[in-house]
1. Give the Cα extents of segment 268-389 along the principal axes, in whole Å, largest first.
2. So how tilted is helix 300-311 from the main axis of the chain? Cα-based, degrees 0 to 90, rounded to 10.
3. Taking amide hydrogens as modeled 1.01 Å from N in the peptide plane, which residues meet the under 5 Å criterion relative to PHE152, leaving out close sequence neighbours?
4. Once you list every other residue whose beta carbon is under 10 Å from the beta carbon of ARG174, what net charge do they have if Lys and Arg are +1 and Asp and Glu are -1?
5. Work out from phi, with θ = phi - 60° and the Karplus expression 6.51 cos²θ - 1.76 cosθ + 1.60, the ³J(HN,Hα) of each residue of segment 440-452, listed in order in whole Hz, and give x for Gly and Pro.
6. Pulled fully out, how much extra length does the chain show between ASP307 and GLU14, if you take 0.36 nm times their separation in residues and subtract their Cα-Cα distance?
7. Determine the per residue accessible area of the chain with all protein chains present and a 1.4 angstrom probe, expressed in square angstrom.
8. Tell me, what % of the accessible area of segment 49-105 is carbon and sulfur with a 1.4 angstrom probe?
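The values are calculated or read from the model by the stated rules, or taken from the named source; none is laboratory data. On a predicted model such as this, the values are computed, not experimentally measured, just so you know. Positions of Cβ are backbone-derived with ideal geometry, glycine not excepted, and every protein chain shown enters the neighbour counts. When the accessible area is computed, the model is the full protein with side chains, heavy atoms only, and any ligands, DNA or RNA have been set aside. Shrake-Rupley method; radii C 1.70, N 1.55, O 1.52, S 1.80 Å.
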Amino acid sequence: MKFSQMSYTRPEYEATQAKLEDLLQRFKQAKSADEAFAVYKEYDAADREFMSLFSISNIRHTLDANDAFYDAEKAYFNEMLPKLQPMTQAFTQALLDSPFRAELEKAWGTLLFDNAEIALKTFKPEIVPDLQEENKLRSEYDKLIASAQIEFDGKVLTLAQIRPYSESPDREVRKAAIMATGNWYMANTEKLDSIFDELVKIRTRIAKKLGHESFTQVGYYRMQRNCYGTEQVAKFREGVIQYIVPVAQRLKKEQARRIGLSDLKIYDDDIEYLEGNAKPVGTPQDIFAHGKKMYHELSGETAEFIDFMLENELFDVLTRPGKRAGGYCSYIPRHKAPFIFANFNGTSADIDVLTHEAGHAFAVYLAKDIYPSILMRYSMETAEIHSMAMEFFTWPWMEGFFGDATKKYYQSHLGSALTFIPYGTMVDEFQHHIYDKPGMTPAARNALWLELEARYRPWLDMDDMPFYGEGRRWQAQGHIYRMPFYYIDYCLAQIMALSFWAQAQKDREAAWAKYRRLVGFAGTKTFLELLADAGLPSPFVPDNVKTVADAAVAWLDAQ
(Lines give C-alpha, C1' and ligand atoms only; values in the text may rest on other atoms or scores of the structure.)
Protein backbone atom coordinates (compact mmCIF):
# COMPACT_ATOMS: atom_id res chain seq x y z
CA MET A 1 0.00 0.00 0.00
CA LYS A 2 1.22 3.48 -0.88
CA PHE A 3 2.08 5.67 2.10
CA SER A 4 -0.47 8.30 1.09
CA GLN A 5 -3.20 5.64 1.28
CA MET A 6 -2.30 4.40 4.75
CA SER A 7 -5.15 5.20 7.10
CA TYR A 8 -4.71 6.88 10.45
CA THR A 9 -7.12 6.97 13.37
CA ARG A 10 -6.11 8.31 16.75
CA PRO A 11 -5.67 5.41 19.23
CA GLU A 12 -7.77 6.62 22.15
CA TYR A 13 -6.01 6.32 25.49
CA GLU A 14 -8.89 4.78 27.45
CA ALA A 15 -9.54 2.03 24.90
CA THR A 16 -5.86 1.26 24.52
CA GLN A 17 -5.35 1.14 28.27
CA ALA A 18 -8.36 -1.16 28.73
CA LYS A 19 -7.15 -3.55 26.03
CA LEU A 20 -3.69 -3.76 27.55
CA GLU A 21 -5.15 -4.30 31.02
CA ASP A 22 -7.27 -7.19 29.72
CA LEU A 23 -4.28 -8.78 27.99
CA LEU A 24 -2.13 -8.34 31.08
CA GLN A 25 -4.62 -10.09 33.34
CA ARG A 26 -5.15 -12.92 30.90
CA PHE A 27 -1.39 -13.40 30.53
CA LYS A 28 -0.95 -13.53 34.30
CA GLN A 29 -3.79 -16.06 34.59
CA ALA A 30 -2.56 -18.35 31.80
CA LYS A 31 -2.75 -21.98 32.89
CA SER A 32 -0.28 -23.34 30.35
CA ALA A 33 2.62 -22.28 28.16
CA ASP A 34 0.37 -22.57 25.09
CA GLU A 35 -2.14 -20.20 26.65
CA ALA A 36 0.63 -17.76 27.57
CA PHE A 37 1.93 -17.88 23.99
CA ALA A 38 -1.58 -17.23 22.62
CA VAL A 39 -2.17 -14.18 24.83
CA TYR A 40 1.26 -12.77 24.05
CA LYS A 41 0.49 -13.11 20.33
CA GLU A 42 -2.55 -10.87 20.88
CA TYR A 43 -0.40 -8.42 22.83
CA ASP A 44 2.17 -8.38 20.03
CA ALA A 45 -0.55 -7.69 17.45
CA ALA A 46 -1.95 -4.84 19.55
CA ASP A 47 1.52 -3.36 19.96
CA ARG A 48 2.17 -3.56 16.21
CA GLU A 49 -1.11 -1.77 15.46
CA PHE A 50 -0.46 0.96 18.00
CA MET A 51 3.10 1.50 16.77
CA SER A 52 1.80 1.67 13.19
CA LEU A 53 -0.54 4.52 14.06
CA PHE A 54 2.17 6.31 16.02
CA SER A 55 4.65 5.92 13.16
CA ILE A 56 2.23 7.16 10.47
CA SER A 57 1.33 10.17 12.61
CA ASN A 58 4.92 10.99 13.43
CA ILE A 59 6.09 10.70 9.82
CA ARG A 60 3.35 13.01 8.60
CA HIS A 61 4.17 15.50 11.34
CA THR A 62 7.84 15.60 10.30
CA LEU A 63 6.85 16.00 6.64
CA ASP A 64 5.09 19.25 7.54
CA ALA A 65 5.49 20.67 11.04
CA ASN A 66 2.88 23.30 10.09
CA ASP A 67 0.13 20.72 9.53
CA ALA A 68 -2.27 21.57 12.35
CA PHE A 69 -3.86 18.10 12.49
CA TYR A 70 -0.62 16.14 12.87
CA ASP A 71 0.85 18.81 15.10
CA ALA A 72 -2.06 18.13 17.46
CA GLU A 73 -1.50 14.38 17.11
CA LYS A 74 2.16 14.84 18.03
CA ALA A 75 1.11 16.72 21.16
CA TYR A 76 -1.41 13.96 21.94
CA PHE A 77 1.21 11.20 21.71
CA ASN A 78 3.59 13.26 23.83
CA GLU A 79 0.98 13.08 26.59
CA MET A 80 -0.30 9.57 25.92
CA LEU A 81 2.90 7.53 25.63
CA PRO A 82 4.16 8.21 29.16
CA LYS A 83 0.71 7.43 30.57
CA LEU A 84 0.75 4.04 28.84
CA GLN A 85 4.21 3.19 30.06
CA PRO A 86 3.11 1.83 33.47
CA MET A 87 0.99 -0.77 31.67
CA THR A 88 3.70 -1.76 29.22
CA GLN A 89 6.16 -2.02 32.10
CA ALA A 90 3.67 -4.18 34.00
CA PHE A 91 3.44 -6.51 31.00
CA THR A 92 7.23 -6.65 30.83
CA GLN A 93 7.34 -7.57 34.51
CA ALA A 94 4.70 -10.24 33.97
CA LEU A 95 6.78 -11.67 31.14
CA LEU A 96 9.81 -11.90 33.42
CA ASP A 97 7.78 -13.40 36.27
CA SER A 98 5.89 -15.90 34.12
CA PRO A 99 5.91 -19.50 35.41
CA PHE A 100 6.39 -20.43 31.75
CA ARG A 101 9.47 -18.27 31.26
CA ALA A 102 11.67 -21.28 30.47
CA GLU A 103 9.38 -22.25 27.58
CA LEU A 104 9.25 -18.65 26.37
CA GLU A 105 13.05 -18.33 26.49
CA LYS A 106 13.43 -21.61 24.61
CA ALA A 107 11.20 -20.27 21.83
CA TRP A 108 12.48 -16.68 21.70
CA GLY A 109 15.97 -16.72 23.21
CA THR A 110 17.23 -15.10 26.40
CA LEU A 111 18.23 -11.67 25.04
CA LEU A 112 14.62 -10.51 24.90
CA PHE A 113 14.40 -11.13 28.64
CA ASP A 114 17.76 -9.49 29.35
CA ASN A 115 16.55 -6.40 27.50
CA ALA A 116 13.28 -6.52 29.40
CA GLU A 117 15.24 -6.35 32.66
CA ILE A 118 16.98 -3.23 31.35
CA ALA A 119 13.69 -1.66 30.22
CA LEU A 120 12.27 -2.00 33.73
CA LYS A 121 15.12 0.15 35.01
CA THR A 122 14.00 3.13 32.93
CA PHE A 123 10.57 3.67 34.45
CA LYS A 124 8.54 4.26 37.59
CA PRO A 125 4.97 5.63 37.58
CA GLU A 126 6.08 8.80 39.34
CA ILE A 127 8.14 9.92 36.32
CA VAL A 128 5.14 10.06 33.95
CA PRO A 129 4.76 13.89 34.21
CA ASP A 130 8.51 14.26 33.64
CA LEU A 131 8.38 12.08 30.51
CA GLN A 132 5.47 14.12 29.18
CA GLU A 133 7.41 17.34 29.68
CA GLU A 134 10.53 15.84 28.09
CA ASN A 135 8.49 14.89 25.01
CA LYS A 136 7.05 18.41 24.74
CA LEU A 137 10.51 19.97 24.88
CA ARG A 138 11.85 17.62 22.20
CA SER A 139 8.97 18.61 19.94
CA GLU A 140 9.55 22.27 20.71
CA TYR A 141 13.17 21.94 19.58
CA ASP A 142 12.19 20.12 16.37
CA LYS A 143 9.56 22.70 15.54
CA LEU A 144 11.98 25.57 16.12
CA ILE A 145 14.59 24.03 13.80
CA ALA A 146 11.97 23.27 11.14
CA SER A 147 10.74 26.88 11.29
CA ALA A 148 14.08 28.35 10.19
CA GLN A 149 13.74 30.91 7.38
CA ILE A 150 17.09 32.37 6.29
CA GLU A 151 17.34 35.13 3.69
CA PHE A 152 20.29 34.32 1.46
CA ASP A 153 21.19 34.61 -2.22
CA GLY A 154 17.93 36.41 -2.91
CA LYS A 155 15.91 33.50 -1.49
CA VAL A 156 14.32 32.43 1.76
CA LEU A 157 15.92 29.12 2.72
CA THR A 158 15.57 26.40 5.34
CA LEU A 159 18.61 25.08 7.20
CA ALA A 160 18.77 22.15 4.77
CA GLN A 161 18.49 24.42 1.72
CA ILE A 162 21.33 26.74 2.76
CA ARG A 163 23.68 23.81 3.46
CA PRO A 164 24.99 23.41 -0.14
CA TYR A 165 26.40 26.94 -0.04
CA SER A 166 28.94 25.74 2.53
CA GLU A 167 30.49 23.69 -0.30
CA SER A 168 30.79 26.61 -2.72
CA PRO A 169 34.23 26.99 -4.37
CA ASP A 170 33.87 30.73 -3.63
CA ARG A 171 35.24 31.29 -0.12
CA GLU A 172 33.21 34.44 0.41
CA VAL A 173 30.00 32.58 -0.42
CA ARG A 174 30.92 29.80 2.02
CA LYS A 175 31.71 32.32 4.72
CA ALA A 176 28.50 34.24 4.13
CA ALA A 177 26.42 31.03 4.26
CA ILE A 178 27.99 29.92 7.54
CA MET A 179 27.54 33.45 8.89
CA ALA A 180 23.86 33.50 7.90
CA THR A 181 23.26 30.08 9.47
CA GLY A 182 25.07 31.12 12.63
CA ASN A 183 23.09 34.34 12.80
CA TRP A 184 19.81 32.40 12.67
CA TYR A 185 20.94 30.20 15.56
CA MET A 186 22.18 33.24 17.49
CA ALA A 187 18.79 34.91 17.06
CA ASN A 188 17.27 31.84 18.69
CA THR A 189 20.01 31.03 21.17
CA GLU A 190 18.07 32.12 24.22
CA LYS A 191 15.29 29.71 23.30
CA LEU A 192 17.75 26.92 22.52
CA ASP A 193 19.47 27.39 25.87
CA SER A 194 16.15 27.46 27.68
CA ILE A 195 14.91 24.22 26.08
CA PHE A 196 18.15 22.42 26.88
CA ASP A 197 18.31 23.76 30.45
CA GLU A 198 14.87 22.29 31.06
CA LEU A 199 15.74 18.99 29.38
CA VAL A 200 18.81 18.53 31.60
CA LYS A 201 16.81 19.37 34.73
CA ILE A 202 14.01 16.98 33.80
CA ARG A 203 16.35 14.13 32.87
CA THR A 204 18.32 14.58 36.08
CA ARG A 205 15.08 14.56 38.05
CA ILE A 206 14.04 11.35 36.28
CA ALA A 207 17.39 9.77 37.13
CA LYS A 208 17.09 10.63 40.82
CA LYS A 209 13.55 9.24 40.99
CA LEU A 210 14.93 6.04 39.45
CA GLY A 211 17.67 5.88 42.08
CA HIS A 212 20.64 7.26 40.15
CA GLU A 213 22.84 10.26 40.88
CA SER A 214 23.04 11.31 37.23
CA PHE A 215 21.10 10.69 34.04
CA THR A 216 24.06 8.95 32.37
CA GLN A 217 23.17 5.42 33.49
CA VAL A 218 19.51 5.99 32.64
CA GLY A 219 20.61 7.18 29.21
CA TYR A 220 22.57 3.97 28.73
CA TYR A 221 19.57 1.90 29.79
CA ARG A 222 17.35 3.81 27.36
CA MET A 223 19.82 2.99 24.60
CA GLN A 224 19.57 -0.71 25.53
CA ARG A 225 23.26 -1.04 26.32
CA ASN A 226 23.30 -4.72 27.23
CA CYS A 227 26.94 -5.71 26.75
CA TYR A 228 29.06 -2.65 27.59
CA GLY A 229 29.04 0.47 29.77
CA THR A 230 30.70 3.82 30.37
CA GLU A 231 34.17 2.36 30.99
CA GLN A 232 34.25 0.60 27.61
CA VAL A 233 33.01 3.74 25.84
CA ALA A 234 35.76 5.75 27.57
CA LYS A 235 38.29 3.22 26.21
CA PHE A 236 36.87 3.72 22.73
CA ARG A 237 37.24 7.48 23.07
CA GLU A 238 40.89 6.94 24.04
CA GLY A 239 41.43 4.93 20.87
CA VAL A 240 39.83 7.64 18.76
CA ILE A 241 42.00 10.40 20.23
CA GLN A 242 45.14 8.29 19.91
CA TYR A 243 44.63 6.80 16.45
CA ILE A 244 41.81 8.49 14.52
CA VAL A 245 42.37 12.16 15.37
CA PRO A 246 45.93 12.17 13.90
CA VAL A 247 44.64 10.60 10.68
CA ALA A 248 41.78 13.09 10.48
CA GLN A 249 44.20 15.95 11.08
CA ARG A 250 46.42 14.71 8.26
CA LEU A 251 43.42 14.48 5.91
CA LYS A 252 42.40 18.03 6.79
CA LYS A 253 45.92 19.32 6.11
CA GLU A 254 45.78 17.65 2.69
CA GLN A 255 42.36 19.21 2.12
CA ALA A 256 43.75 22.66 2.98
CA ARG A 257 46.61 22.19 0.50
CA ARG A 258 44.19 21.08 -2.24
CA ILE A 259 42.15 24.26 -1.88
CA GLY A 260 45.18 26.50 -1.49
CA LEU A 261 44.90 27.41 2.19
CA SER A 262 47.42 27.30 5.02
CA ASP A 263 44.73 26.36 7.52
CA LEU A 264 41.01 25.64 7.56
CA LYS A 265 38.41 28.00 8.94
CA ILE A 266 34.98 26.76 9.98
CA TYR A 267 33.61 27.89 6.60
CA ASP A 268 36.25 25.84 4.72
CA ASP A 269 35.51 22.56 6.45
CA ASP A 270 33.07 21.26 3.83
CA ILE A 271 34.91 22.21 0.64
CA GLU A 272 37.15 19.39 -0.58
CA TYR A 273 38.18 20.63 -4.04
CA LEU A 274 38.50 24.11 -5.56
CA GLU A 275 36.68 22.97 -8.68
CA GLY A 276 33.88 21.83 -6.40
CA ASN A 277 33.06 18.74 -4.38
CA ALA A 278 31.68 15.62 -5.98
CA LYS A 279 27.98 16.17 -6.60
CA PRO A 280 25.35 13.78 -7.92
CA VAL A 281 24.51 14.25 -11.59
CA GLY A 282 20.93 14.43 -12.73
CA THR A 283 17.62 15.01 -11.02
CA PRO A 284 16.22 13.23 -7.96
CA GLN A 285 14.33 11.05 -10.45
CA ASP A 286 17.66 10.13 -12.09
CA ILE A 287 19.11 9.31 -8.68
CA PHE A 288 16.25 6.94 -7.91
CA ALA A 289 16.44 5.32 -11.33
CA HIS A 290 20.10 4.49 -10.78
CA GLY A 291 19.40 3.54 -7.16
CA LYS A 292 16.89 0.97 -8.39
CA LYS A 293 19.46 -0.43 -10.82
CA MET A 294 22.09 -0.52 -8.06
CA TYR A 295 19.95 -2.48 -5.63
CA HIS A 296 18.82 -4.86 -8.37
CA GLU A 297 22.44 -5.69 -9.11
CA LEU A 298 23.60 -5.85 -5.49
CA SER A 299 21.51 -8.91 -4.57
CA GLY A 300 18.16 -10.58 -5.17
CA GLU A 301 16.94 -9.50 -1.74
CA THR A 302 17.89 -5.86 -2.24
CA ALA A 303 16.13 -5.93 -5.63
CA GLU A 304 12.90 -7.10 -3.98
CA PHE A 305 13.37 -4.50 -1.25
CA ILE A 306 13.87 -1.47 -3.51
CA ASP A 307 10.92 -2.43 -5.71
CA PHE A 308 8.69 -2.58 -2.63
CA MET A 309 9.93 0.82 -1.43
CA LEU A 310 9.44 2.56 -4.78
CA GLU A 311 6.11 0.96 -5.65
CA ASN A 312 4.66 2.04 -2.30
CA GLU A 313 6.11 5.58 -2.31
CA LEU A 314 8.05 4.99 0.88
CA PHE A 315 10.54 7.79 0.25
CA ASP A 316 10.19 11.51 0.94
CA VAL A 317 13.48 13.20 0.16
CA LEU A 318 12.79 16.67 -1.26
CA THR A 319 13.31 19.57 1.15
CA ARG A 320 10.62 22.23 1.56
CA PRO A 321 9.53 24.82 4.14
CA GLY A 322 8.10 23.29 7.31
CA LYS A 323 9.72 19.91 6.77
CA ARG A 324 11.86 18.70 9.67
CA ALA A 325 15.61 18.78 9.14
CA GLY A 326 17.77 15.67 8.82
CA GLY A 327 17.00 12.16 7.73
CA TYR A 328 15.69 8.96 9.28
CA CYS A 329 14.16 5.57 8.61
CA SER A 330 10.92 4.64 10.31
CA TYR A 331 8.86 1.43 10.23
CA ILE A 332 5.10 0.85 9.93
CA PRO A 333 4.43 -2.68 11.26
CA ARG A 334 0.85 -2.95 9.97
CA HIS A 335 2.10 -2.70 6.39
CA LYS A 336 5.53 -4.25 7.02
CA ALA A 337 6.82 -1.05 5.45
CA PRO A 338 9.98 0.94 6.14
CA PHE A 339 9.78 4.66 5.35
CA ILE A 340 12.78 6.84 4.41
CA PHE A 341 12.77 10.56 5.18
CA ALA A 342 15.53 12.88 3.91
CA ASN A 343 16.24 16.40 2.68
CA PHE A 344 18.08 16.33 -0.65
CA ASN A 345 20.19 19.43 -1.22
CA GLY A 346 22.23 18.65 -4.34
CA THR A 347 25.36 17.51 -2.52
CA SER A 348 26.99 14.10 -2.14
CA ALA A 349 25.09 13.82 1.14
CA ASP A 350 22.00 13.00 -0.96
CA ILE A 351 23.61 9.72 -2.00
CA ASP A 352 25.00 9.07 1.47
CA VAL A 353 21.58 9.49 3.06
CA LEU A 354 19.97 7.35 0.37
CA THR A 355 22.34 4.43 0.94
CA HIS A 356 22.52 4.99 4.71
CA GLU A 357 18.78 5.05 5.34
CA ALA A 358 18.31 2.23 2.83
CA GLY A 359 20.62 0.15 5.03
CA HIS A 360 18.25 0.69 7.94
CA ALA A 361 15.21 0.03 5.76
CA PHE A 362 16.69 -3.15 4.26
CA ALA A 363 17.35 -4.52 7.74
CA VAL A 364 13.79 -3.96 8.97
CA TYR A 365 12.42 -5.23 5.65
CA LEU A 366 14.26 -8.51 6.18
CA ALA A 367 13.05 -8.67 9.78
CA LYS A 368 9.41 -7.92 8.98
CA ASP A 369 8.20 -11.46 9.70
CA ILE A 370 10.18 -11.99 12.90
CA TYR A 371 8.05 -12.91 15.90
CA PRO A 372 7.68 -11.60 18.50
CA SER A 373 8.13 -8.21 16.88
CA ILE A 374 10.14 -6.91 19.83
CA LEU A 375 13.03 -8.98 18.43
CA MET A 376 13.19 -6.48 15.56
CA ARG A 377 14.25 -3.79 18.04
CA TYR A 378 18.00 -4.15 18.01
CA SER A 379 20.21 -1.69 19.83
CA MET A 380 21.17 1.45 17.97
CA GLU A 381 24.88 0.79 17.41
CA THR A 382 23.84 -2.44 15.68
CA ALA A 383 21.28 -0.59 13.57
CA GLU A 384 23.94 1.91 12.51
CA ILE A 385 26.19 -0.91 11.26
CA HIS A 386 23.34 -1.86 8.93
CA SER A 387 23.25 1.66 7.49
CA MET A 388 26.90 2.71 7.50
CA ALA A 389 28.17 -0.54 6.02
CA MET A 390 25.55 -0.27 3.26
CA GLU A 391 27.12 3.06 2.26
CA PHE A 392 30.38 1.24 1.52
CA PHE A 393 28.88 -1.89 -0.05
CA THR A 394 27.27 0.32 -2.71
CA TRP A 395 30.61 1.86 -3.79
CA PRO A 396 30.80 -0.15 -7.05
CA TRP A 397 27.73 1.75 -8.33
CA MET A 398 28.83 5.28 -7.44
CA GLU A 399 29.89 6.15 -11.00
CA GLY A 400 26.21 6.12 -11.96
CA PHE A 401 25.60 8.86 -9.38
CA PHE A 402 28.78 10.93 -9.77
CA GLY A 403 30.14 10.29 -13.25
CA ASP A 404 33.62 11.79 -13.70
CA ALA A 405 33.68 12.89 -10.06
CA THR A 406 33.47 9.33 -8.70
CA LYS A 407 37.08 9.18 -7.51
CA LYS A 408 36.59 12.46 -5.68
CA TYR A 409 33.52 10.95 -4.03
CA TYR A 410 35.44 7.87 -2.87
CA GLN A 411 38.15 10.06 -1.36
CA SER A 412 35.65 12.35 0.34
CA HIS A 413 33.38 9.57 1.57
CA LEU A 414 36.16 7.57 3.18
CA GLY A 415 37.80 10.73 4.50
CA SER A 416 34.54 12.01 5.96
CA ALA A 417 34.03 8.70 7.76
CA LEU A 418 37.40 9.13 9.42
CA THR A 419 36.84 12.80 10.28
CA PHE A 420 33.30 12.14 11.51
CA ILE A 421 34.41 9.70 14.20
CA PRO A 422 36.24 12.38 16.26
CA TYR A 423 33.24 14.70 15.97
CA GLY A 424 30.76 12.03 17.02
CA THR A 425 32.98 10.94 19.90
CA MET A 426 33.24 14.57 20.99
CA VAL A 427 29.43 14.79 21.09
CA ASP A 428 29.40 11.74 23.35
CA GLU A 429 32.02 13.09 25.77
CA PHE A 430 30.19 16.43 25.87
CA GLN A 431 27.02 14.67 27.02
CA HIS A 432 28.83 12.69 29.70
CA HIS A 433 30.15 15.94 31.18
CA ILE A 434 26.75 17.65 30.88
CA TYR A 435 24.87 14.98 32.81
CA ASP A 436 27.65 14.42 35.33
CA LYS A 437 27.46 18.16 36.12
CA PRO A 438 23.84 19.09 35.37
CA GLY A 439 24.18 22.49 37.03
CA MET A 440 26.40 23.83 34.23
CA THR A 441 25.46 27.28 32.99
CA PRO A 442 25.00 27.89 29.25
CA ALA A 443 28.38 29.68 29.24
CA ALA A 444 30.07 26.70 30.90
CA ARG A 445 28.55 24.32 28.35
CA ASN A 446 29.81 26.44 25.49
CA ALA A 447 33.30 26.65 27.01
CA LEU A 448 33.30 22.85 27.39
CA TRP A 449 32.36 22.44 23.73
CA LEU A 450 35.25 24.66 22.61
CA GLU A 451 37.65 22.72 24.86
CA LEU A 452 36.53 19.44 23.28
CA GLU A 453 36.76 20.93 19.78
CA ALA A 454 40.44 21.67 20.45
CA ARG A 455 41.02 18.05 21.50
CA TYR A 456 38.99 16.21 18.86
CA ARG A 457 39.14 18.63 15.89
CA PRO A 458 42.36 20.61 16.38
CA TRP A 459 42.52 21.49 12.69
CA LEU A 460 39.45 23.70 12.83
CA ASP A 461 39.64 27.49 13.35
CA MET A 462 36.29 29.03 14.30
CA ASP A 463 37.49 32.47 13.12
CA ASP A 464 35.34 34.15 15.78
CA MET A 465 32.26 33.37 13.73
CA PRO A 466 28.94 33.97 15.49
CA PHE A 467 27.50 30.85 17.06
CA TYR A 468 30.48 28.64 16.14
CA GLY A 469 33.18 30.79 17.73
CA GLU A 470 31.20 30.97 20.96
CA GLY A 471 31.06 27.18 21.34
CA ARG A 472 27.37 26.86 20.46
CA ARG A 473 27.72 24.43 17.54
CA TRP A 474 26.30 21.64 19.73
CA GLN A 475 22.89 23.32 19.60
CA ALA A 476 22.61 22.34 15.94
CA GLN A 477 23.12 18.65 16.79
CA GLY A 478 19.56 17.49 17.30
CA HIS A 479 20.51 14.17 18.89
CA ILE A 480 21.79 16.06 21.96
CA TYR A 481 18.27 17.38 22.50
CA ARG A 482 16.25 14.40 21.30
CA MET A 483 18.18 11.24 22.17
CA PRO A 484 21.03 11.69 24.65
CA PHE A 485 23.93 9.21 24.36
CA TYR A 486 22.81 8.05 20.91
CA TYR A 487 25.63 9.68 18.96
CA ILE A 488 28.40 7.29 20.05
CA ASP A 489 26.45 4.52 18.33
CA TYR A 490 27.30 6.15 14.98
CA CYS A 491 30.98 6.15 15.88
CA LEU A 492 31.08 2.52 17.01
CA ALA A 493 29.18 1.52 13.88
CA GLN A 494 31.47 3.58 11.65
CA ILE A 495 34.46 1.59 12.87
CA MET A 496 32.57 -1.62 12.09
CA ALA A 497 31.50 -0.32 8.68
CA LEU A 498 35.13 0.49 7.88
CA SER A 499 36.03 -3.06 8.94
CA PHE A 500 33.49 -4.43 6.45
CA TRP A 501 34.85 -2.03 3.83
CA ALA A 502 38.42 -3.27 4.45
CA GLN A 503 37.25 -6.88 4.09
CA ALA A 504 35.38 -6.03 0.89
CA GLN A 505 38.59 -4.66 -0.67
CA LYS A 506 39.93 -8.22 -0.52
CA ASP A 507 36.80 -10.35 -1.02
CA ARG A 508 33.59 -8.47 -1.64
CA GLU A 509 31.30 -11.50 -1.81
CA ALA A 510 32.59 -12.90 1.49
CA ALA A 511 32.22 -9.49 3.17
CA TRP A 512 28.64 -9.13 1.87
CA ALA A 513 27.78 -12.63 3.13
CA LYS A 514 29.01 -11.66 6.62
CA TYR A 515 27.04 -8.42 6.48
CA ARG A 516 23.88 -10.23 5.35
CA ARG A 517 24.29 -12.72 8.19
CA LEU A 518 24.74 -9.90 10.73
CA VAL A 519 21.64 -8.09 9.45
CA GLY A 520 19.63 -11.30 9.59
CA PHE A 521 20.05 -11.74 13.33
CA ALA A 522 17.88 -8.65 13.97
CA GLY A 523 17.60 -8.24 17.75
CA THR A 524 18.53 -11.77 18.78
CA LYS A 525 22.20 -11.10 19.57
CA THR A 526 24.07 -8.37 21.44
CA PHE A 527 26.39 -5.94 19.67
CA LEU A 528 29.51 -7.78 20.84
CA GLU A 529 28.05 -11.18 19.93
CA LEU A 530 27.33 -9.93 16.41
CA LEU A 531 30.89 -8.65 16.05
CA ALA A 532 32.33 -11.97 17.18
CA ASP A 533 30.08 -13.87 14.75
CA ALA A 534 31.14 -11.63 11.85
CA GLY A 535 34.82 -11.69 12.79
CA LEU A 536 34.85 -7.93 13.39
CA PRO A 537 37.22 -6.34 15.93
CA SER A 538 35.87 -4.94 19.20
CA PRO A 539 36.08 -1.13 19.11
CA PHE A 540 36.65 -1.10 22.88
CA VAL A 541 40.22 -2.26 22.33
CA PRO A 542 42.22 0.81 21.21
CA ASP A 543 44.61 -1.26 19.07
CA ASN A 544 41.63 -2.48 17.03
CA VAL A 545 40.76 1.14 16.29
CA LYS A 546 44.32 1.55 15.01
CA THR A 547 43.93 -1.45 12.69
CA VAL A 548 40.88 0.08 11.06
CA ALA A 549 42.57 3.47 10.74
CA ASP A 550 45.65 1.89 9.17
CA ALA A 551 43.55 0.06 6.54
CA ALA A 552 41.85 3.29 5.52
CA VAL A 553 45.12 5.23 5.38
CA ALA A 554 46.72 2.52 3.24
CA TRP A 555 43.89 2.86 0.70
CA LEU A 556 44.14 6.64 0.70
CA ASP A 557 47.90 6.48 0.21
CA ALA A 558 47.47 4.18 -2.77
CA GLN A 559 45.25 6.62 -4.66
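1. Cα spread of segment 268-389 along its principal axes, largest to smallest: 52, 30, 28 Å.
2. 90 degrees
3. When sequence neighbours closer than 5 places are left aside, the close amide H contacts are LEU157.
4. In short, -3.
5. Calculated HN-Hα couplings, in order: 3, 7, x, 5, 5, 5, 5, 5, 4, 4, 5, 4, 6 Hz.
6. Length gained between ASP307 and GLU14: 101.6 nm.
7. Values: 22200 Å² over 559 residues.
Per residue, the chain has an accessible area of 40 Å².
8. 58 percent
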